[in-house]
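Visitor: Sharing a structure below in structure tokens format, with a few things to ask.
Nothing in this text is a laboratory measurement; each read-out follows from the coordinates by a stated rule. Owing to the predicted nature of the structure, the values given are computational and were not obtained by experimental measurement. Cβ coordinates were reconstructed from backbone atoms using ideal geometry, including for glycine residues, and neighbour counts include every protein chain displayed.
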């Protein structure tokens, strides 16, 4: 029995996993695009909202490629994405995922945590929910591929399990 449509938005971290196989109770629509930045996703939002009508849930995971290109000004685009989604889909639960730990030589884990510390209150101000996966996925070889960015199956299993638990909490809370 399908519980509705679940829209996934983001970069290759979203695009590279078969969310449908893990979340069989939802009809998954995956709009992850490898290499996507927050501004790129913001530019695509009109075409996405035109083609996807009234999803029950949206998971938003964006910003990693901004960090890779050392663009730290993406939080404004992220805010605009969330505001646009919550306005377009007022009955939809929009879940903004924290940035995941990654291994970039120019970015410390403390700096990444600081960025997440700015994202969390933004989600509350814009009417979305915040899913903090930063401390759950460890920057180790069993969680990350050799590039230090892309995930191993073990990390996807943990992430998808946490998404399902979070969604169950949201559904019960309604």
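Visitor: Between residue 47 and residue 142, what length comes free when the chain is fully extended (0.36 nm per residue of separation minus the Cα-Cα distance, one decimal in nm)?
Guide: Fully extending the segment from residue 47 to residue 142 adds 30.5 nm.
Visitor: Further question: Write down the Å³ per residue value for the convex hull defined by the alpha carbon atoms of the chain. Each step should come with its number before you reach the end.
Guide: Values: hull volume 18.5 nm³, N = 174.
Here the figure is 106 Å³ per residue.
Visitor: With both bridge residues required to lie in the stretch 5-164, what share of the DSSP beta bridges run antiparallel, to the nearest 5%? Intermediate results must be reported in sequence, preceding the final value.
Guide: On the way: 2 of 20 bridges.
Percentage antiparallel, nearest 5: 10.
Visitor: Rank-order 124-134, 52-62 by packing density, defined as the average count of other C-beta atoms within 10 Å over each peptide's residues, highest first.
Guide: Highest-to-lowest ranking by the protection proxy: 52-62, 124-134.
Visitor: Can you pull the one-decimal nm distance between simple spin-label points at residue 54 and residue 171, each 7 Å off the Cα toward Cβ?
Guide: Distance between label points: 1.8 nm.
Visitor: Which order do peptides 162-170, 8-16 fall in by mean Cβ count within 10 Å, highest first?
Guide: 8-16, 162-170
Visitor: State the three equivalent ellipsoid semi-axes of the stretch 135-174, derived from the C-alpha gyration tensor as the square roots of 5 times its eigenvalues, in descending order and whole Å.
Guide: Values for the stretch 135-174, descending: 26, 8, 7 Å.
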